[in-house]
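The values are calculated or read from the model by the stated rules, or taken from the named source; none is laboratory data. For clarity, every value in this text was computed on a predicted model and none was experimentally measured. Here the Cβ positions follow ideal geometry from the backbone for every residue, glycine too, while neighbour counts run over all protein chains shown.
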Amino acid sequence: MASAPITTSTRCCVVGGGPAGMMLGYLLARAGVQTVVLEKHADFLRDFRGDTVHPSTLRIMDELGLLDAFLQRPHQRLRSLNGVFGSERVQLGDFSGLPERYAFIAMMPQWDFLDFLVGEAKKLPAFSVRMQANVTGLLTAEDGSVAGVRGSSPEGEFEVLADCTIGCDGRHSTVRAAAGLAVEDLGAPIDVLWFRVGRDPSSEDSALARVAPGHFVVTLDRGDYWQCAFVIPKGGAEALQKQDIAVFHEQVVATAPVLLSHIGDVRSWSDVKLLTVKVDRLLDWSKPGLLCIGDAAHAMSPVGGVGINLAIQDAVATANLLAAKLRAGGALSEDDLDAVHRRRLWPTKATQAMQVAIQNNVLVRVMGSHAGEPLEVPLPMRVLTAVPALQRLFARLLGMGVRPEHVRSPAA
Ligand SMILES: Cc1cc2nc3c(=O)[nH]c(=O)nc-3n(C[C@H](O)[C@H](O)[C@H](O)COP(=O)(O)OP(=O)(O)OC[C@H]3O[C@@H](n4cnc5c(N)ncnc54)[C@H](O)[C@@H]3O)c2cc1C
């Protein structure tokens, strides 16, 4: 006979320990709300998470008094956004117009970022995190509202009873599916192959993106290696992976010659991970007892590297709107929960519209072009490259996001 699930209870249960979940867990616990974060993996050591900590997130860290300690962790500072488009260098963004303390994107592997946040959160008595806690479904109260979650862990099945459950479990969210929340698919014509290639740490080449006919490679400088993203048409991985890895080497190096000397680090297809991209949005982000934020509410494309940013901003807005009410006790109303949706819908729509426009107008066009064909730098990129003031404006928009949030939730 199966043993009964281990049942615990809490005021707020956050599902998923990514950027949205960890920041929200930290902020709610900081406000004195008993919060448990459930994360299905044993650690944060996975590559798919992206590396960008944007100025808006740095400012949030500053507002929380955490920035100096955070920046002690190894990172690179990206002060401008540049790339190679065909044979031309393009310069798209310049962060120097922002206040000096966050006039850059901190490039830090996300496991370091999350490790830092969870370390700070664990100092708060109201916070707890359970790793290897895989949420598999929702608990429902007699009145039909969500009353917590169920899941499995190495210790066995568990249930967490919670007054408020917040799904932060990313773009393949179990919580949103279990809640039956309706999704609007905005379409993503690309997938990404993710791999790493050795880098000479003294190299001065820091271009973030390299574009050649048919191919687009993102190169994230991680000191002694490049974290690379090779953009492919949606569903194109299977055909490519039937070919010898040498064909892949050729395509990558033709687009990003900087990778030539260490491309052999990619020994076989098992060194290349397929990341499927989707862009979608829930029509409602909540139902009684439950709210979704971050990618669980709106899956983001990697375009612009802004998904982490948006997830953190959602978390800050959620804490601003709900922490004091959660702390005060009693049930949150549907209107309380929907306030997060109302606040964050416009920035989400605007950011996704930017991502979809770039996907459809730049990436699809690049991938549809063939070797030998001239690759024309799109007009907006030309204009940005020519006008430094616009580069500062663009960097501000990208770095701070649309409707940036400030920490207004209380500290207990
Ligand atoms: C290929 C690719 C590259 C990207 N690169 C960047 C980038 O460089 N910069 C950027 O800003 N954005 C990037 N993005 C977007 C970014 O990854 C997301 O927008 C961002 O991670 C969303 O944060 P989140 O906390 O909402 O979700 P996630 O980061 O997806 O975190 C969800 C967490 O929930 C956990 N989880 C999932 N299911 C369960 C479950 N059932 N039970 C318990 N835990 C669970 C997961 O393990 C994970 O830790 C990229 C996206 C893709 C597809």
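Numbers for the structure displayed
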{"item": "Gly223 vs. criteria touching a residue at least 40 places away in the same chain (Cβ under 8 Å), more than 15 Å from Phe85 (Cα to Cα) and in contact with a Pro (Cβ under 6 Å, 6 or more places away or on another chain)", "result": "yes"}
{"item": "Unique residue being assigned by TED's automatic domain parsing to the domain that holds Gly305, touching a Leu at 6+ places or on another chain (Cβ under 7 Å) and within 23 Å of Ser152 (Cβ to Cβ) when the list is Val37, Val33, Val15", "result": "Val15"}
{"item": "Residue pairs meeting the criteria (Cβ under 9 Å; at least 6 apart or on separate chains; first within 15 Å of the ligand (Cβ to nearest atom), in the range 2-18; second modelled with pLDDT under 95 and of a type in the set (D, E, K, R))", "result": "Gly18/Arg49"}
{"item": "Subset of the range 1-60 (residues that are aromatic (Phe, Trp, Tyr) and assigned to a loop (DSSP other than H, G, I, E, B))", "result": "Phe44"}
{"item": "Criterion violated by Ala254 - all others in (1) part of a loop (DSSP other than H, G, I, E, B); (2) touching a residue at least 60 places away in the same chain (Cβ under 8 Å); (3) over 22 Å from the mean Cα position of the chain (by Cα) satisfied", "result": "(1)"}
{"item": "Test: residue in the range 315-327 that is within 16 Å of the ligand (Cβ to nearest atom), under 23 Å from Met107 (Cβ atoms), buried (at least 20 other Cβ atoms within 10 Å of the Cβ) and touching a residue at least 24 places away in the same chain (Cβ under 8 Å)", "result": "yes"}
{"item": "Hey, Val197 touching an Asp or Glu at 6+ places or on another chain (Cβ under 9 Å), modelled with pLDDT of 95 or more and not assigned by TED's automatic domain parsing to the domain that holds Ala296 or not", "result": "yes"}
{"item": "Helices (runs of 4 or more DSSP H) (entirely within the range 325-412) containing at least 1 residues that are among the basic types (Lys, Arg) and touching a strand residue (DSSP E or B) at 6+ places or on another chain (Cβ under 6 Å)", "result": "388-400"}
{"item": "Selected residue (criterion: nearest to the ligand (Cβ to nearest atom)) from residues of the range 166-187 that are in a loop (DSSP other than H, G, I, E, B) and crowded, with 23+ Cβ neighbours inside 10 Å", "result": "Asp169"}
{"item": "Given (1) at pLDDT 95 or above; (2) outside the structural domain of Asp244 (by TED's automatic domain parsing), index of the condition Asp265 fails", "result": "(2)"}
{"item": "Members of the range 52-71 that are surrounded by fewer than 17 Cβ atoms within 10 Å (Cβ to Cβ) and either modelled with pLDDT under 90 or out of contact with any Phe, Trp or Tyr (no Cβ under 9 Å at 6 or more places or on another chain) (or both)", "result": "Glu63, Gly65, Asp68"}
{"item": "Identity of the residue in the range 346-357, surrounded by fewer than 16 Cβ atoms within 10 Å (Cβ to Cβ) and touching a residue at least 40 places away in the same chain (Cβ under 8 Å), that ends up nearest to Val211 (Cα to Cα)", "result": "Ala350"}
{"item": "Considering residues of the range 110-138 that are assigned to a loop (DSSP other than H, G, I, E, B) and more than 11 Å from the ligand (Cβ to nearest atom) only, the residue farthest from Ser9 (Cα to Cα)", "result": "Lys123"}
{"item": "Tally of residues being near the ligand (Cβ under 6 Å from one of its atoms), assigned to a loop (DSSP other than H, G, I, E, B) and buried (at least 24 other Cβ atoms within 10 Å of the Cβ) across the range 270-311", "result": "2"}
{"item": "Residue that is surrounded by the most Cβ atoms within 10 Å (Cβ to Cβ), among those in the range 328-345 that are touching a helix residue (DSSP H, G or I) at 6+ places or on another chain (Cβ under 9 Å) and basic (Lys, Arg)", "result": "Arg344"}
